[in-house]
Amino acid sequence: MPSNRDDFSQGTKDLLAKRVGCRCSNPACRKLTYGANDDPTAFTNIGVAAHICAAAEGGPRYDSAMSSDERKSYENGIWLCQSCSKLIDSDVSRYSVDKLNRWKRNAEEATILELEEASPIQSTVQDVELIKFYAQCLDRSAFRDQISQEGCMEDFDKAIESTIIAFNTGILRTRDGDILKQAEGKAAVQNSEWRDKLFTIVDILTAIRRRLKIAEKEQSFFQRDDSCGGFYYFRDHELEEWFDRSREEVLKIMSSVCREAGLHELHFPRRYYRW
Ligand SMILES: [Zn+2]
C-alpha cells in the first residue's frame, strides 16, 4: 500500500467502536468485537475501524474529492469485525458507500434502543408489581358471589366493566368514579406469557358483559321479590352455571400468573358452587 494512508486516530477508532456497542455494524453479523483476555491486564479486540472510502488511492470506494481530514474523520469510518471488514472490501459494488452508511446508522440506533430498554431483571420487578395490581382488581364481590347471589345486576355489570378498564389502563375506579389505584395497562407487561393470560382474562370478562346483556334482553333471569330481597332466579341454569364458571376461570388464570410471579401470599377466597 502507498505510504500516504489517511489512518484514523485512536480516538476516532474508539468513538466508532463505542457508538455501536463494540459490535460489528454488519446487520447480519453484529458480532461482539471486544472482550476479556487471559491476561488480566489486557483485553481482546477483533474489531476494525474500516474506511468507508479507502484511506489511500486505489483502495475500495476511494474518493479523490475527499480531503485527507475527511478521509480520516469519524464520518468516513465504520466499525466491523475482521471478517466483515474483509467482506466489504471484496465487493465494492455490493458494499457501496450508501449501504455502509446505512449499516452504521442502523447499528448506532440499535445501541440507543438497547440502552433505553429496561434490563430483564428490572422488567420482571415491574411485571410483578403490575400483576399484584391486577390481582387486587379481582378482589371484589363481583368475583366472589354466585351470580344468583348478586345484589344488583347493574352493579355487577359495572364492577366487571371497571375491572376491564383497570386491566386495560391501569386505572381502578370506585363506583363513584374516584380513582382508587393507578398502575399501567396489561400491554405494559413484558413477560409475554403473563400478558397473554391477562388478555385472555379481559376476553372472558368482555364475554361475561356481552352475555349478560343478551340474558337481560331475553329475560333469562329475574329478581326475586321475596323477603330475601335482591337475589336472582335464573330460568336457564346452564347460563347461571356459565356465569359462575367463567369468573372461576378468570380467578384460576390470575392465580396461575400470581404463582409464576412468586406472589404466594395472594389467594382468592373459594366460592361454593353446586357442583
Ligand atoms: Zn462482522
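Any idea which of L198, I179, S123 is furthest toward the positive side of the dipole for region 120-260, if Lys and Arg beta-carbons carry +1 and Asp and Glu beta-carbons -1?
S123
First select every other residue whose beta carbon is under 15 angstrom from the beta carbon of D127; then total the charges, Lys and Arg +1, Asp and Glu -1.
Once positives and negatives cancel, what remains is -1.
Quick check on the chain: helices-only [θ] at 222 nm, where DSSP H runs of length 4 and up contribute -39,500 (n - 2.57) each and the sum goes over total residues. Nearest 500, please.
-15500 deg cm²/dmol
In units of 2.2 N^0.38 Å, what is the alpha-carbon radius of gyration of region 77-131?
Normalised Cα radius of gyration, region 77-131: 1.77.
Taking R0 as 35 Å, what FRET efficiency do you get between E249 and C152 from their Cβ-Cβ distance, rounded to the nearest 0.05?
Numbers: r = 23 Å, r/R0 = 0.67.
The value I calculate is 0.90.
If you line up the long axis of helix 192-217 against the longest principal axis of the chain, both from Cα atoms, how many degrees apart are they, to the nearest 10?
Helix 192-217 and the main axis of the chain meet at about 30 degrees.
Can you give the Rg/Rh ratio of region 42-177, where Rg is from the C-alpha atoms and Rh is the Kirkwood radius?
With Rg and the Kirkwood Rh in hand, the quotient comes to 1.44.
Give me the 1.4 Å probe accessible area per residue for the chain, excluding ligands and nucleic acids, in Å².
On the way: 16250 Å² over 275 residues.
I get 59 Å² per residue for this part.
Taking the Cβ-Cβ separation of R5 and N101 as r and a Förster radius of 25 Å, what is the calculated FRET efficiency to the nearest 0.05?
Efficiency for this residue pair is about 0.75.
Leaving out ligands, DNA and RNA, and with a 1.4 Å probe, what % of the accessible surface on region 10-116 is carbon or sulfur?
Carbon and sulfur together cover 50 percent of it.
Using the basic label-point model (7 angstrom from Cα toward the beta carbon), what is the L15 to E117 distance in nanometres?
Distance between the two pseudo-spin positions: 2.7 nm.
What list of whole percents do you get for P(r) of region 120-260, with Cα-Cα distances grouped in 5 Å bins up to the one holding the largest distance?
Pairs per bin, as whole percents: 2, 9, 19, 21, 17, 13, 9, 5, 2, 1, 0, 0.
Mind jotting down the three principal axis lengths of the chain based on Cα atoms? Whole angstrom, largest first.
105, 44, 35
Pop out the Kirkwood hydrodynamic radius of region 10-116 from its pairwise C-alpha distances, inverse of mean 1/r, in Å to one decimal.
Values: mean 1/r = 0.0703 Å⁻¹.
Computed over region 10-116, the radius equals 14.2 Å.
Using a 1.4 Å probe over the heavy atoms of the protein chains, calculate the carbon and sulfur portion of the accessible area of region 120-260 as a whole percent.
Carbon with sulfur: 46 percent of the solvent-accessible area.
The values are calculated or read from the model by the stated rules, or taken from the named source; none is laboratory data. Worth saying up front: this structure is predicted, and the values here are computed from it rather than measured. Cβ atoms come from the backbone with ideal geometry, glycine included; neighbour counts cover every protein chain shown. All accessible areas refer to the heavy atoms of the entire protein, side chains included, with ligands and DNA or RNA removed. Shrake-Rupley method; radii C 1.70, N 1.55, O 1.52, S 1.80 Å.
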